[in-house]
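A short reminder: the numbers here are calculations on the coordinates, not readings from a lab. All figures in this text were calculated on a predicted structure; none of them were measured in a lab. As a convention, Cβ positions derive from the backbone with ideal geometry for all residues, glycine included, and neighbour counts pool all protein chains shown.
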Ligand code: NA7
């Protein structure tokens with residue numbers, strides 16, 4: 001039966017939510033095709049991750065030259081990266097430059113939070129409720145919400161009672177924060193805490209680091225990129241992106257494909273010595289593949305890194321506290337550091353081991369542990385995110401029959417290709433949970449997924465389709481594939497955001513398991529989604 005209500009045009013053909021790296025590129029692709037699209041952004045400016053995370057030390061740990069967009073040769077030639085691992089202010093300038101260059105700002109609406117998105121089945125449209133009271137409709141909804149954009153505070157009592165300044169690193173104030181001479185507490189030692197602590201230790205008065213579980217970390221080895229080097233990079237961009245496309249992580253670091261146990265131990269150690277002094281994720285990703293899958297191989301690498309920590313931290317008791325004992329090197333997302341371990345050799349830096357003296361509550365003057373009250377002027381929460389699915393769950397997304405996405409994902413995300421969800425037609429998620437964008441060098445995964453999503457929209461246009469939806473069978477098969485990929489990796493036993501662990505979110509505590517990302521690597525993912533498209537979007541129902 002023809003659906004007459006569908007003839008009422010929505011306000012927009014496509015609404016993109018989020019002006020981060022993904023939303024910016026997605027909007028550009030849509031506008032290029034002449035699609036009637038708008039972008040809604042909660043913040044007062046664009047940049048997503050690089051708009052919000054203004055904490056000292058925030059920077060890429062992907063090489064800058066592999067992080068920028070690759071879609072425009074002109075853009076590649078116009079932009080000069082100044083550092084191997086560029087810092088937040090420059091990264092934000094880059095994204096602003098991109099938005100200006102492609103004239104995207106007129107199509108972005110800022111300070112615009114989406115509270116709810118409900119699928120109107122009869123009209124085959126999404127209806128959005130905004131915090132400012134407006135309602136907008138669209139045919140296709142593209143949430144480009146970011147993977148680490150729902151910050152979580154600890155569940156300690158008294159957080160609001162603290163009389164000094166306190167904030168989560170994600171919500172670092174845009175106006176300058178004075179830390180000089182202050183008594184500062186940092187809670188959390190993930191990638192964020194490690195960057196922050198390394199940067200501020202020599203600037204604050206006293207710094208107390210509240211560590212519950214140490215993380216493995218290796219040197220970033222950052223450096224400047226001078227004009228001559230940048231000119232060389234510009235001439236090699238094709239080659240650089242070609243390497244990224246061929247590596248599992250979308251980085252310039254290619255795994256060593258020799259068999260771990262066939263390479264003599266002395267040779268392995270020599271290789272690690274070299275990688276440890278080189279920039280970026282080499283020690284993690286240019287390593288033997290067995291370090292991700294074989295306990296014994298991983299233990300050997302972990303012992304090598306532990307010795308590096310012991311060599312860098314003068315106090316052996318402190319050094320032991322900084323060495324993870326509950327997981328091996330690189331099985332959780334690896335933070336990269338700059339003089340992080342040397343920080344603990346400073347007289348003004350104190351490590352508070354929460355395994356020995358847990359936090360009992362936040363007080364008006366500071367932090368009360370089981371041992372004593374520590375007084376502070378500033379408390380910084382580097383306590384992480386409700387990763388990957390959290391940002392989706394903060395919007396009340398309802399599909400066919402009013403089914404809530406939040407409820408559907410209560411035990412973990414369920415998707416097809418990480419980009420579509422059965423029962424949620426015309427919801428397209430280029431960086432969705434269980435996609436490769438979530439587990440690779442983000443912009444590389446993002447460009448791949450945005451291009452695929454845009455091709456799908458073009459295909460639908462060309463064939464007169466207005467509705468697309470994953471089947472439950474295809475969703476089920478994808479879920480099985482994603483789970484199987486976890487099974488072969490040591491990662492499955494770890495407590496990090498790849499397995500959905502977050503002690504501050506009910507249901508995500510220690511021991512819970514959520515299949516958050518696709519671990520098959522970029523080349524396999526690219527081949528899979530290309531094949532799906534070639535087969536007329538197999539697994540999707542188009543009408
Ligand atoms: P992470 O990696 O999730 O780290 C959060 C840290 O905060 C971690 O050390 C946690 O310790 C700690 N944490 C969280 N809650 C508490 C409480 N309640 N008490 C004490 N310590 C706590 O987040 P990041 O922001 O550092 O990094 C996220 C990603 O950003 C990173 O992977 C990169 O991709 C960029 P726990 O492990 O829970 O004991």
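Full extension of the chain between residue 155 and residue 122 gives 7.7 nm of extra length, using 0.36 nm per residue less the Cα-Cα distance. Plainly put, the stretch 74-157 has a radius of gyration that is 1.09 times its Kirkwood radius, both from alpha-carbon atoms, as the Rg/Rh ratio. Pull out a ≥ b ≥ c, the square roots of the eigenvalues of the alpha-carbon gyration tensor of the chain, then state rounded if a/c is under 1.5, prolate if not and a/b is larger than b/c, and oblate in the remaining case. Note, shape of the chain comes out prolate.
Suppose R0 equals 51 Å; then what is the FRET efficiency for residue 459 and residue 489 from their Cβ-Cβ distance, rounded to the nearest 0.05?
0.90
The angle between the Cα long axis of helix 522-534 and the main principal axis of the chain comes to about 10°, on a 0 to 90 degree scale. Computed from Cα positions, the angle between helix 295-312 and the longest principal axis of the chain comes to roughly 50 degrees. Distance from the alpha carbon centroid of the stretch 399-457 to that of the stretch 242-317 works out to 32 angstrom. The mean sequence separation of alpha-carbon pairs under 8 Å and at least six residues apart, normalised by the residue count of the stretch 111-203, gives a relative contact order of 14 percent.
Suppose R0 equals 22 Å; then what is the FRET efficiency for residue 226 and residue 254 from their Cβ-Cβ distance, rounded to the nearest 0.05?
Computed FRET efficiency for residue 226 and residue 254 comes out at 0.30.
Computed from Cα atoms, the angle from the helix 265-277 axis to the main principal axis of the chain rounds to 80 degrees. Cα centroids of the stretch 206-222 and the stretch 514-543: 37 Å apart. Considering helices alone, the calculated mean residue ellipticity of the chain at 222 nm is -9000 deg cm²/dmol, with DSSP H runs of length four and up weighted by -39500 (n - 2.57) and normalised per residue.
With an 8 Å cut-off on Cα pairs and a minimum separation of 6 or more residues, tell me the relative contact order of the stretch 9-159 in percent. Intermediate results must be reported in sequence, preceding the final value.
On the way: 234 pairs, mean separation 50.7, N = 151.
Relative contact order here is 34 percent.
Here the stretch 214-234 is scanned for amide nitrogen atoms under 16 Å from the site 7 Å beyond the Cα of residue 80 along Cα-to-Cβ, giving 224-234.
Report, for the chain, the % of DSSP beta bridges that are antiparallel, rounded to 5.
Numbers: 25 of 61 bridges.
Once the DSSP bridges in the chain are tallied, antiparallel ones form about 40 percent.
Just rank 469, 320, 74, fewest to most, by other beta-carbon atoms within 10 angstrom. Don't jump to the answer; show the numbers that get you there.
Numbers: 469 23, 320 15, 74 8.
Lowest count first: 74, 320, 469.
Note on the stretch 1-152: antiparallel DSSP beta bridges, both residues inside, total approximately 50 percent of the bridges counted.
Relative protection proxy for 425-436, 164-175, from highest mean packing down: 425-436, 164-175 (other beta-carbon atoms within 10 angstrom).
Using a cutoff of 8 angstrom between alpha carbon atoms and counting only pairs six or more residues apart, the relative contact order for the chain works out to 19 percent. Summary of the geometry: the stretch 379-396 and the stretch 123-197, compared by the centres of their Cα atoms, lie 7 Å apart.
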